[in-house]
Structure formats: structure tokens, C-alpha cells
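Right, one structure below, let's go through it.
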Amino acid sequence: MKIAIIGGGAAGFFAAIHASGIGREVTIFEKSPKLLSKVKVSGGGRCNVTHRPMEISKLVKNYPRGEKFLKKVFRHFSIQDTIEWFESRGVPLKVEQDGRMFPTTDSSQSIIGVLLAEAEKHKIKILIATGIKELNPTKSGYELITDKGVFRADAVVIASGGHPKSESYYFLNSLNHNINNPIPSLFTFNTPGESIRELMGVAVSDGLVKIEGTKLNYRGPVLITHWGVSGPAVLKLSAFGAEWLHEHHYQARAIINWNGNFGENEYLQQLINYQKSHPNRKVYSHVLFDTPSRLWEHFCAKSEIESNQLYGNLPKKHLNRLVQNLFCYILEVNGKTTFKEEFVTAGGISLEEINPDTMQSNYHPNLYFAGEVLNIDGITGGFNFQAAWSTGFLAGKSINY
Ligand SMILES: Cc1cc2nc3c(=O)[nH]c(=O)nc-3n(C[C@H](O)[C@H](O)[C@H](O)COP(=O)(O)OP(=O)(O)OC[C@H]3O[C@@H](n4cnc5c(N)ncnc54)[C@H](O)[C@@H]3O)c2cc1C
């Protein structure tokens, strides 16, 4: 039996390894001259391979697209299985404070090494620089058209990854699967006209960022960058708001509460209390609400507070402005920037047409999908690779010709 795997990335390798067996000839077709190229650069070269284990119901909340589908997939192969798979093959993993998991070597090469070794052990054929141009179902299987000739297979796993351009999915046209418009996810917000960019490098640990006119709001660290704002709260917002932001051409108003522990009234009340208890202290130099001092000075300046203004006689107008800057700082977003070159594609093969217990197409026998080519994407933290391992495993194991 001939099995073709389209794509030599994380999902393709996992599918190939788990599809192998007696009487099976498994071939990976990779368009580029390199294998596992995203694994190599991932996590800044360390490969954030998965996340700290958690219940499936909680895990799926980290996927803006694919939540319901993955609930079933993860029952077959979840985080604990990933950890065991790598560790039992000599690649111990460690968990960092924020839950991200990496190989203890801090090198993506460890992950690449074990995937290549497993592929060799299972005698998987690998054809690099062999992109599939067309994939045609035939009476007895599939015909794969490449520049290097025509190949035939009894079963096919499509693991060709995500691309934010529809053209990259053309080779799948003959399958008549629906493709959700592919668009970027995981990006930072550009705020070109905003003076806050001068505070590049300043971060708060627990901000709350909202997009005006939507219900989208996420809490977490916020980092001011040369271009605008970044950090986990912004990246999460970019992922869950990917479609809305795309439709609005990445023009929006972000509203930031710089300390998510405080509401508007709490800010006001604490400032009033502080005025009473410390009337002779200067507003500029006595920072409240754990605000970084440069950010506090920025708020004071924006609130038109004089540099030697004392708390005791701070006019109400300025006090209210300070509260507004702390609680609902408005940033005009215009454009986006890729986060450390780490992006994923929102959109891809429609999940309604795939069986989440096998990864098989509902339309074509012996045709399977795995990885980012599907309309599945996660937030940062190892969730994208986890989806690739789980769907790859399930597709490979389910081939039952
Ligand atoms: C810079 C960067 C860093 C990242 N870091 C992390 C991280 O640390 N943790 C995490 O969880 N996620 C991370 N991600 C996301 C993660 O890398 C992807 O979600 C994951 O690689 C998807 O795996 P995949 O196998 O589905 O697709 P890919 O890894 O994209 O592999 C698909 C492969 O298919 C090939 N291909 C495409 N079309 C064809 C064709 N027609 N014929 C043959 N081959 C084809 C491509 O060349 C590619 O090699 C990162 C992404 C980037 C870009």
C-alpha cells in the first residue's frame, strides 16, 4: 500500500511516522529543499513544542478556530501523549513559568533529530523539492502531479501547512473541499500616530485590552514597542479578533486598562484616598497602581498635570483625566506587524468536511488532513504544534486501507 504525505513539517512527519507499518510504503513530498523548517526556527530556535498539561475542555479554549473539532481530536492524542512521545524517545521536555514547554536542550534541533530518526527507523521515503502541483482522485486512489513526474498513492495525508494567500491552496482545487478564507493571526498592533511609542520597551504585567465596538477583550502582559503595542494580551486579541480586524483593514481603536485589577471607580477612589493621606506628595514622582514610572509620567503629561503638582490640590479635571488614561487609554490602531516572525494562518480547509475522529475527508475515501492546512489555529504558547502533533498522529493512525 502506498501512502503519500504532502508536506514535510510537524504534522506531515507525525502523520508519516504513525502511518508506517508492515506492507506500507510511506513517502513525504516536500515542496521546499528543507524539512521541518518551521520547527527549526520556532520558539526562537528553542521550539515551544507544547504547553503544560491541562484538561481538554480548558486546552481547546486556546484555539480561536477549531475549538469544537479539537475536543474530539485531543481525546485521541493530547498534551500528555506529546510529552510521553518525545521523552520516551530521548528528548526530555521542561515547562517554563508561563506554561510553555521546550526540549531541555533549548534547541529545536533535538525535536528535528528525533523526528528524522523515527522517519528513518520506519523507512519513510522523503522527496524534497517535490511540490504537489495537482492532486487528483482516481478510481483506485490518487494521482499526485509534480515537476518531477506523476506519482500514485492509495491514501494521502495533506499536511501542507497554512498560508495567508488563497493561491497556496490551488493544488487542492480538484477535491472540492471548502476553504475558509486564509488570513493572518498572531500579530501586534501598529499605532503610527501615537506618542506612546516613545516608551518602547515599557511593559505592564496585567493589562486589559479591548477593541472598541466588539466584545473582544483580553487580559495579560502588554508591551509597548517601536511600532505600537504587543505582548500576550495583544497577541490573544489579534488571534481571537483575526477575522474582525481583517474585515476592518486592521484599523481599530484599542482601549487599554493598564492594570486589570482596577475598575474606573477603584482608580478614582484610591486616588482620592491618596490625595487625603499624602497631600504634599508630587503626583509625578509618586506612582500608583504598580504603573511603570515612565508610563505614569506619560499619563501625567497627557492629563496636563504640571511637573510640580501636589496630590493635595490636584484639580478634579486633571484627576479625572488621569483616571481615564489609566482605565481606558485609547490607541488608534492602523496596521499590524508580525510577532517575532511567528505567525499562523487563520482559515483553511473547512472542519465541517472532516471527521474529527479520523481526520478523513467526508468526500473522498483514504484522504486525510493534518496541521495548519485546516481551519485550526491556536494562540502562542505551544498550542499550534500541539494541534499539528495531534492531528498528524490521528491522520496517520487512521489510515486503514
Ligand atoms: C517563525 C515561527 C515560529 C513558530 N513558533 C512556534 C512555537 O514555538 N510553538 C508553536 O506551537 N507554534 C509555532 N509556530 C507555528 C507552527 O510552526 C505551525 O503551526 C506548525 O509548523 C504547523 O505545522 P504543519 O506541519 O501543519 O505546517 P508547516 O510546518 O508549515 O509544514 C507544511 C509543509 O508543507 C510544505 N508544502 C506546502 N505546500 C506543499 C505542496 N504543494 N507540496 C509539497 N509540500 C508542500 C511546506 O513547504 C511546509 O514544509 C511558529 C510559526 C512560525 C512561522
query: In the stretch 273-293, what count of residues is obtained for those that are outside any loop (DSSP other than H, G, I, E, B) and either loosely packed, with under 15 Cβ neighbours inside 10 Å or outside the structural domain of Gly260 (by TED's automatic domain parsing) (or both)?
result: 4
Selection within the stretch 14-40 - basic (Lys, Arg), part of a loop (DSSP other than H, G, I, E, B) and near the ligand (Cβ under 10 Å from one of its atoms): Lys31, Lys34
field: Every pair of residues 6+ apart whose Cβ atoms lie under 7 Å, when the first sits in the stretch 23-48 and is over 18 Å from Val344 (Cβ atoms) while the second is near the ligand (Cβ under 6 Å from one of its atoms)
entry: Ile28/Gly8; Ile28/Gly12; Phe29/Ile6; Phe29/Ile132; Glu30/Gly7; Glu30/Gly8; Lys31/Gly131; Leu35/Gly8
- request: Could you list, in sequence order, all residues of the stretch 238-259 that are among the aliphatic types (A, V, I, L, M) and under 15 Å from Ile224 (Cβ atoms)?
  value: Ala254, Ile256
- request: Consider Asn261 carefully, then state whether it is closer than 13 Å to Phe327 by Cα, modelled with pLDDT of 95 or more and surrounded by fewer than 22 Cβ atoms within 10 Å (Cβ to Cβ).
  value: yes
- prompt: When you go through Asn362, Asn325, Asn334 one by one, which is the residue that is in contact with a strand residue (DSSP E or B) (Cβ under 6 Å, 6 or more places away or on another chain), away from the ligand (no atom under 16 Å from the Cβ) and at pLDDT 95 or above?
  reply: Asn334
task: Filter the stretch 166-204 down to residues that are of a type in the set (Val, Ile, Thr) and assigned to a strand (DSSP E or B) and give me whichever is surrounded by the fewest Cβ atoms within 10 Å (Cβ to Cβ).
output: Ile183
- prompt: For the stretch 85-112, which residues satisfy the criterion of being touching a residue at least 12 places away in the same chain (Cβ under 8 Å), assigned to a helix (DSSP H, G or I) and not aliphatic (A, V, I, L, M)?
  reply: Trp85, Phe86, Ser108, Gln109, Ser110
message: Given the options Tyr401, Tyr368, name the one that is among the hydroxyl-bearing types (Ser, Thr, Tyr) and modelled with pLDDT of 95 or more.
response: Tyr368
query: Looking at (1) in contact with a strand residue (DSSP E or B) (Cβ under 8 Å, 6 or more places away or on another chain); (2) crowded, with 23+ Cβ neighbours inside 10 Å, which is the only condition Phe14 fails?
result: (1)
- prompt: Condition test on Gly44, is it part of a helix (DSSP H, G or I), out of contact with any helix residue (DSSP H, G or I) (no Cβ under 6 Å at 6 or more places or on another chain) and at pLDDT below 95?
  reply: yes
statement: Residues of the stretch 215-252 being farther than 18 Å from Met200 by Cα and part of a helix (DSSP H, G or I), in sequence order, are Lys236, Leu237, Ser238, Ala239, Phe240, Ala242, Glu243, Trp244, Leu245, His246, Glu247
task: Determine if the stretch 214-222 includes at least one residue that is among the β-branched types (Val, Ile, Thr), under 17 Å from Thr291 (Cα atoms), free of Cβ contacts under 8 Å to residues at least 60 places away in the same chain and crowded, with 17+ Cβ neighbours inside 10 Å.
output: yes
- line: Of the residues in the stretch 43-70 that are touching a Phe, Trp or Tyr at 6+ places or on another chain (Cβ under 7 Å) and within 21 Å of Ile158 (Cβ to Cβ), the one that is nearest to the ligand (Cβ to nearest atom) is Tyr63
Matching residues in the stretch 354-384 - criterion: being of a type in the set (D, E, K, R) and not in a helix (DSSP H, G or I): Asp357, Asp377
- prompt: Can you tell me which residue in the stretch 376-401 is farthest from the chain's Cα centre (by Cα), limited to those that are surrounded by fewer than 24 Cβ atoms within 10 Å (Cβ to Cβ) and more than 9 Å from the ligand (Cβ to nearest atom)?
  reply: Tyr401
- prompt: So which residues in the stretch 302-336 are assigned to a strand (DSSP E or B) and β-branched (Val, Ile, Thr)?
  reply: Ile330, Val333
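The values are calculated or read from the model by the stated rules, or taken from the named source; none is laboratory data. Quantities reported herein were computed from a predicted structural model and do not represent experimental measurements. All Cβ positions, glycine included, derive from the backbone under ideal geometry; neighbour counts span all protein chains shown.
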